[in-house]
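Down below is the structure, laid out as structure tokens.
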């Protein structure tokens, strides 16, 4: 799925990183807890979060996220936007809540970070 | 023995509770590593460990010194902070254990994952602490596969 398709699906606003609009996104993960993101994320992830301070952008840079989606109408602070521009990380803003945003992406075949748990008989 | 000419070393100072600059050192070290051609997976592990260690100093200590060195065989990080230290290191190494304030949790940190995550990403990790004085971390990443076994 391209970033452009994700923007359309989440009715999102892209506030920086326009040159990445046709980039392919392979998987996504959502959390407001950067400690968890640092522990479990994989490079190339689309990070969905409601944490709007600049540490969310810093974390995205450290883990090598492809883009960040701020959910439930959140917007990163000016320092965060500046950092995202400097690090060339696209930022999307959506009014959808975390659950709905993740659900929309998952139902359109954008997978999560981890393999599905094996079925128990 | 390392040839001194092949060692890149830098020292950074970290101020406690300086959240505005928190993460700057980690970004800088990641940039340095990206210029060297080291494998992206090692850079990623080093960047995560660096960031976790830097945030720990910002959140829990008054100040700290961050030493970074790179030689043909390894990346070495040493972080010495001055602060309250850790009374029970074994407990602090348990995933989920945290003494973080609500303020830090609201900032997205303090889930008790920092130290275990540093250990998970490092090839070698050493921690020592003197309660009331501070904590020291030594984190090592081997650049050649044979050494990481």
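Provide a single number: the residues in region A:62-79 that are in contact (Cβ under 8 Å) with a residue 24 or more places away in the chain, closer than 24 Å to residue A:22 by Cβ and touching a helix residue (DSSP H, G or I) at 6+ places or on another chain (Cβ under 7 Å).
Looking only at that region, the number is 6.
When you go through B:64, B:108 one by one, which is the residue that is away from chain A (no Cβ under 14 Å), in contact with a helix residue (DSSP H, G or I) (Cβ under 6 Å, 6 or more places away or on another chain) and crowded, with 20+ Cβ neighbours inside 10 Å?
Of the residues listed, the single one that is away from chain A (no Cβ under 14 Å), in contact with a helix residue (DSSP H, G or I) (Cβ under 6 Å, 6 or more places away or on another chain) and crowded, with 20+ Cβ neighbours inside 10 Å is B:64.
Just to be sure before I move on: is residue A:94 touching a helix residue (DSSP H, G or I) at 6+ places or on another chain (Cβ under 8 Å), crowded, with 17+ Cβ neighbours inside 10 Å and either within 26 Å of residue B:120 (Cβ to Cβ) or at pLDDT below 95 (or both) in the structure I sent? Give the steps one after another, and end with the answer.
Numbers: touching a helix residue (DSSP H, G or I) at 6+ places or on another chain (Cβ under 8 Å): yes; crowded, with 17+ Cβ neighbours inside 10 Å: yes; either within 26 Å of residue B:120 (Cβ to Cβ) or at pLDDT below 95 (or both): no.
Judged against the criteria, residue A:94 is not a match.
If residue B:76 passes every condition in (1) under 13 Å from residue B:12 (Cα atoms); (2) away from chain A (no Cβ under 14 Å); (3) buried (at least 16 other Cβ atoms within 10 Å of the Cβ) but one, which one does it miss?
Answer for residue B:76: the failing condition is (1).
Kindly indicate the residue of region B:4-38 that is in contact (Cβ under 8 Å) with a residue 40 or more places away in the chain and farther than 27 Å from residue B:85 by Cβ and also surrounded by the fewest Cβ atoms within 10 Å (Cβ to Cβ) among those meeting that condition.
B:6
Kindly indicate the residue of region A:1-21 that is outside any helix (DSSP H, G or I) and in contact with a helix residue (DSSP H, G or I) (Cβ under 6 Å, 6 or more places away or on another chain) and also farthest from residue A:60 (Cα to Cα) among those meeting that condition. Working first, answer last.
Our first condition is that a residue be outside any helix (DSSP H, G or I); within region A:1-21, this holds for A:1-2, A:10-17, A:21.
Applying the additional criterion that residues be in contact with a helix residue (DSSP H, G or I) (Cβ under 6 Å, 6 or more places away or on another chain) yields A:10, A:14, A:16, A:21.
Working: A:10: 20, A:14: 16, A:16: 14, A:21: 17 Å.
Among residues in region A:1-21 that are outside any helix (DSSP H, G or I) and in contact with a helix residue (DSSP H, G or I) (Cβ under 6 Å, 6 or more places away or on another chain), the one farthest from residue A:60 (Cα to Cα) is A:10.
Could you check how many residues of region A:67-84 are more than 14 Å from chain B (Cβ to nearest Cβ) and surrounded by fewer than 22 Cβ atoms within 10 Å (Cβ to Cβ)?
Here the count works out to 4.
With respect to the numbered conditions (1) more than 17 Å from the chain's Cα centre (by Cα); (2) under 25 Å from residue B:30 (Cβ atoms), which one is the sole condition not fulfilled by residue B:110?
(1)
One residue is enough: does region B:51-59 have a residue meeting the conditions touching a residue at least 40 places away in the same chain (Cβ under 8 Å) and over 17 Å from residue A:62 (Cβ atoms)?
Going residue by residue through region B:51-59, those that are touching a residue at least 40 places away in the same chain (Cβ under 8 Å) are B:52-59.
Then keep just the ones that are over 17 Å from residue A:62 (Cβ atoms); that gives none.
Within region B:51-59, none of the residues are touching a residue at least 40 places away in the same chain (Cβ under 8 Å) and over 17 Å from residue A:62 (Cβ atoms).
Using beta carbons and a limit of 9 Å, which pairs, at least six apart or on different chains, have the first residue in region A:89-104 and on the phi > 0 side of the Ramachandran plot and the second one surrounded by 21 or more Cβ atoms within 10 Å (Cβ to Cβ)?
Pairs that qualify, where the first residue is on the phi > 0 side of the Ramachandran plot and the partner is surrounded by 21 or more Cβ atoms within 10 Å (Cβ to Cβ): there are none.
Restricting to region B:5-32, give me the number of residues that are closer than 16 Å to residue A:58 by Cβ and assigned to a helix (DSSP H, G or I).
Adding up the residues that qualify gives 8.
Of the numbered conditions (1) in contact with a strand residue (DSSP E or B) (Cβ under 8 Å, 6 or more places away or on another chain); (2) more than 13 Å from chain B (Cβ to nearest Cβ); (3) on the phi > 0 side of the Ramachandran plot, residue A:44 fails exactly one; give the number of that condition.
The number of the failed condition is (2).
The values are calculated or read from the model by the stated rules, or taken from the named source; none is laboratory data. This one's a predicted model, so the numbers in the text were calculated from it and none came from an experiment. Because the Cβ atoms are built from the backbone with ideal geometry, glycine has one as well, and the counts that use them run over all protein chains shown.
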